[in-house]
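What follows draws every value from the coordinates through simple rules; no lab data is involved. Please read all numbers here as calculations on a predicted model, not as lab measurements. Here Cβ is always computed from backbone atoms with ideal geometry, including for glycine, and neighbour counts include all displayed protein chains.
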């Protein structure tokens, strides 16, 4: 007679959180109650009480190769390389080393994957290799060691979320070459750079084409929408049904309409709009730097065109995440507070955006407020 004690305990616990204690109605038909399993291999499966079963349910059919097939496991156990300080969303396996402290981050040449928040399973770090941004030597070394188990490299073309650090000359080009050489997908996270640096995003601005790119709300001027775009042979995986593409709000009429209108506006005016955005950004950056240094503050302002970062530091240049740790964040918070009192709203982490709605008069108003703020902080 088999014992189901542990499964029963887990089932009672699950009923406190899930309707019926199951995540699928199919499991309600199990007897003597829904069972909980801890491993499966080939045609066999084992429950938490140690009972072994010859399995003919096969997850309601799709396990056509049986459980834990070696070739399938090898494929899904590939994950990716990401760079320290880059932000790619909330999924567990990308939520590492976004803003680690210097103590947590480990050696500069071999960063430790640091979870962004509590609640991320410790084993999720095994999916990712974290490397410093703008260091091609370490990237090539990692690829020589791990290329066979690496599926993709994901990167912001400009490290916008920490210091707005541009790529070093040639870095993206060599990144593209390395991915092609090793048969690894190159993914650009263009949530910020898309449509902002050019109508074709950072890949157009830098003339480096990734295999896949991710676009977000800038495509629709703030309406909730996102897009995955890429090379035809990769996107065909969605078209022929080999990869699932699904979402509750996909193709939502209002968001799609907003995206089409935004892209039409950007595309129709791109000859004058982007040069104007870049000029406004340059005027604002140079004005802020001149005002700060004239009054006696050390600042570093980095970025491209209408997106840049302002930080209080004696550093002359920042080329990776660890360089951003030199910023005096408390001083910048005080600067933001004073600017708000003068009618200018800023992002607290130092990132600035310029839009097509800004005019030269707005830049001058902001610079007047900044000069007063810098004076108050002497």
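Between residue 228 and residue 364, what is the spin-label point distance in nm, taking each point 7 Å from the Cα along the Cα→C-beta axis?
4.9
Find how much the distance from residue 52 to residue 250 grows on full extension, using 0.36 nm per residue of separation minus their present alpha carbon separation; answer in nm with one decimal. Write out the running numbers ahead of the final one.
On the way: separation 198, 0.36 × 198 = 71.28 nm, distance 4.22 nm.
Here the segment from residue 52 to residue 250 would lengthen by 67.1 nm.
Can you sort 332, 321 from fewest to most other Cβ atoms within 10 Å of each residue's own Cβ? Before the final figure, lay out each step's value.
Values: 332 19, 321 27.
Neighbour counts put them in this order, fewest first: 332, 321.
Compute the length gained on full extension between residue 347 and residue 272: take 0.36 nm times their separation in residues and subtract their Cα-Cα distance, giving the result in nm to one decimal. Please list the in-between numbers first.
Values: separation 75, 0.36 × 75 = 27.00 nm, distance 2.73 nm.
24.3 nm is the gain from fully extending residue 347 to residue 272.
Taking the alpha-carbon centroid of each part, what is the distance from region 262-318 to region 150-217 in angstrom?
Result: 20 Å between the Cα centres.
Evaluate the relative contact order of region 177-329 (contact order divided by residue number), counting alpha-carbon pairs under 8 angstrom at least 6 apart; express in whole percent.
Numbers: 178 pairs, mean separation 23.5, N = 153.
Over region 177-329, the number comes to 15 percent.
Just from its helices, what would the mean residue ellipticity at 222 nm be for the chain, if runs of 4 or more DSSP H residues each count -39500 (n - 2.57) and the sum is divided by every residue, rounded to the nearest 500 deg cm²/dmol?
Numbers: 12 runs with 134 residues, N = 378.
That comes out to -11000 deg cm²/dmol.
So if we plug the beta-carbon distance of residue 356 and residue 209 into 1/(1 + (r/R0)^6) with R0 = 22 Å, what FRET efficiency do we get, rounded to 0.05? Provide the component values of the computation, followed by the final result.
Working: r = 26 Å, r/R0 = 1.17.
Efficiency at R0 = 22 Å is approximately 0.30.
Note down the relative contact order for the chain as a percent, whole number, built from C-alpha pairs under 8 angstrom at least six residues apart.
Working: 565 pairs, mean separation 42.5, N = 378.
Relative contact order here is 11 percent.
According to the square roots a ≥ b ≥ c of the eigenvalues of the Cα gyration tensor, what is the shape class of region 188-236, taking rounded for a/c under 1.5, prolate for a/b larger than b/c otherwise, and oblate for the remainder?
Numbers: a/c = 2.65, a/b = 1.22, b/c = 2.16.
Oblate, since a/c reaches 1.5 and b/c is not below a/b.
For the pair residue 136/residue 238, report the inter-label distance in nm, with labels modelled 7 Å from Cα in the Cβ direction.
About 3.2 nm, to one decimal.
Can you sort 158, 333, 354 so the residue with the fewest Cβ neighbours within 10 Å comes first? Provide the component values of the computation, followed by the final result.
On the way: 158 28, 333 13, 354 25.
Listing 158, 333, 354 from fewest to most nearby Cβ atoms yields 333, 354, 158.
In region 217-235, whose amide N lies under 12 Å from the spot 7 Å out along Cα-to-Cβ of residue 261? List them in ranges.
Taking a point 7 Å out along Cα→Cβ of residue 261, the residues of region 217-235 whose backbone N falls under 12 Å are 220-223.
Select one label from [x] 178; [y] 193; [z] 149: the one whose number is volume of the Cα convex hull per residue in Å³ as derived from the coordinates shown.
[y]
I'd like the FRET efficiency for residue 177 and residue 41, computed as 1/(1 + (r/R0)^6) with the beta carbon distance as r and R0 of 51 Å, rounded to 0.05. Mind dumping the intermediate values first?
Numbers: r = 40 Å, r/R0 = 0.79.
Calculated transfer efficiency: 0.80.
Report the semi-axes of the equivalent ellipsoid for region 270-376 in whole Å, largest first, where each axis is √(5λ) for an eigenvalue λ of the Cα gyration tensor. Please list the in-between numbers first.
Values: eigenvalues 94, 61, 28 Å².
With the √(5λ) rule applied to region 270-376, the semi-axes are 22, 17, 12 Å.
Can you sort 67, 309 from fewest to most other Cβ atoms within 10 Å of each residue's own Cβ?
So the ranking, lowest neighbour count to highest, is 67, 309.
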